[in-house]
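Note sheet for the following structure.
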Amino acid sequence: MASFLSFLPAVSARPIPTSAFSPKRPLFQTPPTLHFKNHRFAVSCSYAEAGVYANSSSNTIDVVADVRSERIVVLGGNGFVGSSICKAAVSKGIEVISLSRSGRPTYSGAWVDQVTWISGDVFYVNWDEVLVGATAVVSTLGGFGSEEQMKRINGEANVVAVNAAKEYGIPKFILISVHDYNLPSFLLSSGYFTGKRKAESEVLSKYPNSGIVLRPAFIYGKRRVDGFELPLDLVGEPAEKILRAVENFTKPLSSLPASDLLLAPPVSVDDVALAVINGVTDDDFFGIFTIDQIKEAANKVRV
């Protein structure tokens, strides 16, 4: 009986040239090249397929890596919202510069040491020390006071910052504004709201394709005031959960003037901060964002 091996095809024991595995062969056929543009750099290279003969025509594979290093300037970075933005940015590996009149905060923290703190006023600061090399400016400027004071801090200060950022070629500007609470027009004519809307208009006109305006309602979290910590989240967090749970029933009331003073869900300061981070890193994220849209943007980058 013939052995079953006789039915197998003959296999040639052709020796494999050692040159195919020579350690002296270079990995790259062409040296890598770097390309820089707008704080982005790409690495391009080509290499030959493994296990080919030295005299063979080898195919090449191109590898391109696109890496962008972010550097943001936070106006009012020492405040309640600003410090949360700084902390979130540091946690995402983003370089942060804070500009505020009070400079570095008095409390400590690992993230605090990773922020460059500059003391100054937007009306008098030397922007060369702040904006050079930045990829985005985030403004949390705002406050209460007399009509003139509110117009100045909520409106004029932000307008100055927007124009400075534009002059220095900063690609993005992000403004923390405010929800209008469905207030009647005579209340929206106050210095607080007119200042905010003036700032919004400046952002959207100077940055039509990259300007971002966030309009949160009441922002809650742990707020530091004169060395004391106010746990606003003890009120804001349960209020948000309740209002979101019943929003299907309260929607018919939303058309009533000033109804959002009671019905607009509070927003976590962490959600505002993460929405800012999403705006910094996502070039398709621009325009005006409502309370619900801020929450959605935050969820995109939440770990």
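The values are calculated or read from the model by the stated rules, or taken from the named source; none is laboratory data. Computed from a predicted structure; not experimentally measured. FYI the Cβ positions are ideal-geometry reconstructions off the backbone, even for glycines, and counts take in every protein chain you see. For the accessible areas, the whole protein counts, side chains as well, though only heavy atoms, and no ligand, DNA or RNA atoms are used. Shrake-Rupley method; radii C 1.70, N 1.55, O 1.52, S 1.80 Å.
Annotation: extensible slack from S255 through W111 equals 47.5 nm (criterion: 0.36 nm per residue apart, minus Cα-Cα distance). Take the Cβ atoms of D128 and L187, set R0 to 30 Å, and the FRET efficiency comes out at 0.15.
The mean sequence distance of close C-alpha pairs (under 8 Å, at least 6 residues apart), as a share of the length of segment 87-231, puts its relative contact order at 20 percent. Remark: the N299-L230 segment gains 22.3 nm on full extension, using 0.36 nm per residue and subtracting the alpha carbon distance. The phi-based Karplus calculation (6.51 cos²θ - 1.76 cosθ + 1.60; θ = phi - 60°) puts the 3J(HN,Hα) values of segment 99-106 at 10, 7, 5, 8, x, 6, x, 7 Hz, whole numbers, x for Gly and Pro.
Among the lysines, select those whose C-alpha is under 23 Å from the C-alpha of K151, and discard any that sit fewer than 8 residues away in the same chain. By straight Cα distance, K151 reaches K166, K196, K198, K206. Element breakdown for segment 136-186 at a 1.4 angstrom probe: carbon and sulfur atoms account for 55% of the accessible area. Averaged over its residues, segment 145-303 has an accessible area of 51 Å² per residue, based on protein heavy atoms and a 1.4 Å probe.
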